[in-house]
Amino acid sequence: MPSSPNISFVLHDVARLLRKRFEQRSRAFGLTRAQWQVLAQLSVHEGIHQNKLADLIEIMPITLARLLDKMEARGFIERRPDPADRRAWLIYLTPKAHPLIEVMRSNGRKTRDEAFAGLSADAQQQLLQTLCLIKSNLIEACTQPAVDREKVHV
């Protein structure tokens, strides 16, 4: 009797395919997925500290600094000194970035529409609520040390 799919593998595959489809739609704009993430975060957290942005995107500050260097050179973001801390930078979008954010949002909507084809609005809402609960559970679990109850012999 075949077993049902492993939910962890399915969730991983769905997330990977959502990223892949979004990237296919967005490739013509010459931005990496990480650069799209920067734009997405800045669209809701404009003026954020560079280190806080790295935390939100979950990348190392030096990696973000390199991304921002490239994006600043292309005219999509600007760094401004933090008036409260001369060592820190605040990150802002430039007018050139705003049309890209609209493209990104449109590509995201189209990708979600493809992914959710055949699901009712109620089913979509229930799925979202379920995934949010799973995420919340895992965030809480990650604050606790892992306890291995089984000894594995390799």
request  = Take segment 101-128 and flag every residue that is polar (S, T, N, Q), under 22 Å from residue 41 (Cα atoms) and either exposed (fewer than 11 other Cβ atoms within 10 Å of the Cβ) or in contact with a strand residue (DSSP E or B) (Cβ under 7 Å, 6 or more places away or on another chain) (or both).
outcome  = none
message = If residue 41 satisfies all but one of (1) at pLDDT below 95; (2) closer than 29 Å to residue 127 by Cα; (3) surrounded by 14 or more Cβ atoms within 10 Å (Cβ to Cβ), what's the number of the condition it fails?
response = (1)
note = How many residues of segment 108-126 are in a loop (DSSP other than H, G, I, E, B) and either polar (S, T, N, Q) or in contact (Cβ under 8 Å) with a residue 40 or more places away in the chain (or both)? The answer is 1
request  = Check 149, 105 and return the single one that is modelled with pLDDT under 95, under 30 Å from residue 8 (Cβ atoms), assigned to a helix (DSSP H, G or I) and among the basic types (Lys, Arg).
outcome  = 105
Criterion (among the aliphatic types (A, V, I, L, M), in a helix (DSSP H, G or I) and at pLDDT 95 or above) met by exactly one of 100, 133 = 133
query = Among the residues of segment 17-36, which ones are within 13 Å of the chain's Cα centre (by Cα) and more than 20 Å from residue 115 (Cα to Cα)?
reply = 32, 34, 35
query = residue 9 fails exactly one of the following numbered conditions: (1) more than 13 Å from the chain's Cα centre (by Cα); (2) hydrophobic (A, V, I, L, M, F, W, C); (3) surrounded by 12 or more Cβ atoms within 10 Å (Cβ to Cβ); (4) more than 18 Å from residue 102 (Cβ to Cβ). What is the number of that condition?
reply = (3)
message = Which count do you get for residues in segment 12-55 that are closer than 22 Å to residue 103 by Cα and either touching a strand residue (DSSP E or B) at 6+ places or on another chain (Cβ under 9 Å) or of a type in the set (Phe, Trp, Tyr) (or both)?
response = 12
ask   = Are any of the residues in segment 82-100 of a type in the set (S, T, N, Q), surrounded by 10 or more Cβ atoms within 10 Å (Cβ to Cβ) and closer than 22 Å to residue 35 by Cα?
value = yes
message = For segment 62-81, which positions are closer than 11 Å to residue 50 by Cβ, surrounded by 14 or more Cβ atoms within 10 Å (Cβ to Cβ) and basic (Lys, Arg)?
response = 79
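The values are calculated or read from the model by the stated rules, or taken from the named source; none is laboratory data. Everything quoted here is computed from the prediction, not taken from an experiment. No Cβ is skipped: glycine too gets one built from the backbone with ideal geometry, and neighbour counts run over all protein chains shown.
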